[in-house]
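Q: First the structure, then my questions, so here it is.
Rule-based calculations on the coordinates, nothing more; no lab input. Computed from a predicted structure; not experimentally measured. As a convention, Cβ positions derive from the backbone with ideal geometry for all residues, glycine included, and neighbour counts pool all protein chains shown.
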Amino acid sequence: MAVSREEELYSPIKKYYEQLGFIVKSEVLHCDLVAIRPDQSETIIVEMKKTFNLALLLQGVERLRLNGQVVLAVERNRKKSGAHNQRFGDLTELCRMLGLGFMTVTFYKTKPPVIEILCEPGEPPQRGVRRRKQAKLLMEFKERSGDYNVGGSTRRKLVTAYREKALRCAHALQLSGPLAPREVSAITGYSRSGETLRANYYGWFERIERGKYKLRPEGAAALEEYRDVIAEWAASINSAP
């Protein structure tokens, strides 16, 4: 059951902290909720929003200047639509990186709201560098012969290292007609040309007999679309000592 106002988050969060032994008051120096231990040994500031957004995040960072323990609270919508505010794993990690706590409140029609603490204030980040993905990133960077894409552009498909090598295979077939994979490898310098021809991921190649391939019209169209890629690669080959 979705709430209509962020104020509806206050009551269940207040109850949660009161059950932990805190004294809770609202709107103290513009903080949505302040919870303090009776002996004043611990103070927690909670900022609430219906959904996670930049305003909430900045508010949390601002509150860290008042107190070391700050928690961001949002509703957990059970519809699980594809909005960015449902990416709770990533949002939790972001809060950890900033030293913020993060909680969600799930509302139901027939039972009390459920609070889930996704991280406490000051918890260290949990997701380190993913070595396999890092290695893949470095390999992709290394295998591209140039910078053929425009950051943020969606007008044409990205020139990945694989697409670039497939274009080289297509270029060899366009220049020399039907060829065997080893002949394509000799022209392109790409040792896995045979695998690319057989896989035919883009639908550019056609096997006309055992061990021989020709270029399809789709491949010729791709060479025209990416002619700048092939031209730069050819120029680098011709200029090599």
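Q: Taking the chain as the reference, fit the longest principal axis to its C-alpha atoms, fit the long axis of helix 131-143 to the helix C-alpha atoms, and give the angle between the two in degrees, 0 to 90, nearest 10.
A: Tilt relative to the chain: about 40 degrees.
Q: Another question, if that's okay. Give the long-range amide H neighbours of Val71: residues separated by 5 or more places, or on another chain, with amide H under 5 Å away, using H modelled in the peptide plane at 1.01 Å from N.
A: When sequence neighbours closer than 5 places are left aside, the close amide H contacts are Ile45, Val46, Glu47, Gly101.
Q: Continuing with this model, one more query. With a sphere of radius 12 Å drawn around the Cβ of Leu100, what net charge do the other residues whose Cβ falls strictly inside it have (Lys, Arg +1; Asp, Glu -1)?
A: Values: positive: Arg63, Arg96; negative: Glu47, Glu62, Glu93, Glu120, Glu123.
Net local charge, Leu100 excluded: -3.
Q: In addition: Relative to the first principal axis of the alpha-carbon coordinates of the chain, what is the inclination of helix 54-63, with its axis defined by its Cα atoms, in degrees from 0 to 90 and to the nearest 10?
A: Its long axis makes an angle of about 50 degrees.
Q: Let me check I have the definition right: for the chain, take the eigenvalues of the Cα gyration tensor, multiply each by 5, take square roots. What are those semi-axes in whole Å, largest first?
A: Largest first, the chain gives 60, 19, 15 Å.
Q: Right, here's the next one. For the range 107-117, in order, what is each residue's ³J(HN,Hα) by Karplus, 6.51 cos²θ - 1.76 cosθ + 1.60 with θ = phi - 60°, in whole Hz (x at glycine and Pro)?
A: Couplings: 9, 10, 6, 10, 9, x, x, 10, 9, 10, 8 Hz.
Q: According to a simple spin-label model (label point 7 Å from Cα along Cα-to-Cβ), what is the distance in nm between Ala234 and Ser176?
A: Between Ser176 and Ala234, the label points sit 1.5 nm apart.
Q: Using only Cα atoms and rounding to the nearest 10 degrees, what angle (0 to 90) does helix 227-239 make with the longest principal axis of the chain?
A: So the helix axis and the longest Cα principal axis differ by about 60 degrees.
Q: Further question on the same structure: Once amide H atoms are placed 1.01 Å from N in the peptide plane, what residues at a sequence separation of 5 or more from Arg87, or on another chain, have their amide H within under 5 Å of its amide H?
A: none
Q: Here's something else I'd like to know. What are the ³J(HN,Hα) values, in whole Hz, obtained from phi via the Karplus relation 6.51 cos²θ - 1.76 cosθ + 1.60 with θ = phi - 60°, for each residue of the range 68-74 in sequence order, with x given for Gly and Pro?
A: Listing the rounded values in order: x, 10, 10, 10, 9, 10, 9 Hz.
Q: With viscosity set to 0.692 mPa s and temperature to 37 °C, compute the Stokes-Einstein D of the range 143-236, Rh being the Kirkwood radius across alpha carbon pairs; µm²/s, no decimals.
A: Diffusion coefficient, whole number: 246 µm²/s.
Q: Name the residues whose placed amide hydrogens come within less than 5 Å of the amide hydrogen of Lys212, ignoring near sequence neighbours (fewer than 5 apart) on the same chain.
A: Residues meeting the amide H criterion: none.
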